[in-house]
Structure formats: structure tokens, C-alpha cells
1. State which residue pairs qualify: first residue within 22 Å of Ser53 (Cα to Cα) and inside region 21-37, second residue in a helix (DSSP H, G or I) and charged (D, E, K, R) in any location, beta carbons under 7 Å apart, and separation of 6 or more residues or different chains.
2. In the list Val52, Val46, Val29, which residue meets the criterion of being of a type in the set (Val, Ile, Thr) and more than 12 Å from the chain's Cα centre (by Cα)?
3. Which numbered condition trips up Glu61, out of (1) surrounded by 10 or more Cβ atoms within 10 Å (Cβ to Cβ); (2) at pLDDT 85 or above?
Amino acid sequence: MELAGAAERFHSRTVLITGATGFIAKLLVEKILRLQPAVKRLYLLVRAADQVSANRRVESEVCLLFWTTLCSW
């Protein structure tokens, strides 16, 4: 499959990513955001004890990675 064609599949789409703090999921989210920034919405499923822990995991493991990756262009 052509990379541009794969990226177009996510245009204006809602995507659910399970295990969002895992290695492969982080790469997938980064690739989607980089190749198709017009994705409608990304839902990141994170396993945690409570809402505060889940937010902390997303901020520390996902957001910081994307902040440095996506803002370094």
C-alpha cells in the first residue's frame, strides 16, 4: 500500500488507539499526526487505576514525546 494512500484513510476520521502508552502505539500516533494532521479525533485508551493516573501517564509518556517530535520540524 502506498504511504500517501494510507495517510488519506485517516483524513477526517476518528481513530481509537489501544495501549496508547506502548511503544508501537506511540509510533502509530506520531505517524498519523505527522502524515495526516487532518485526522478528526484520536482516542487514546490507557490503562490506569483512576482518571488522575491515566492523565498523568498520557502527559508523561505520550504528550512529551509528541511535543518534542511534532514541534521539532
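1. Correct list of pairs: Thr21/Arg57; Thr21/Glu61.
2. Val52
3. (2)
This table checks each residue for (1) exposed (fewer than 11 other Cβ atoms within 10 Å of the Cβ); (2) in contact with a Phe, Trp or Tyr (Cβ under 7 Å, 6 or more places away or on another chain); (3) at pLDDT 85 or above; (4) within 24 Å of Ala7 (Cβ to Cβ).
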site	(1), (2), (3), (4)
Phe23	yes, no, yes, yes
Gln36	no, yes, no, yes
Leu42	no, no, yes, yes
Ala49	yes, no, yes, no
Ser53	no, no, yes, no
Arg56	no, no, yes, no
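The values are calculated or read from the model by the stated rules, or taken from the named source; none is laboratory data. Nothing here was measured: the structure is a model prediction, and the numbers come from that model. Neighbour counts run over all protein chains shown; Cβ positions are idealised from the backbone, glycine included.
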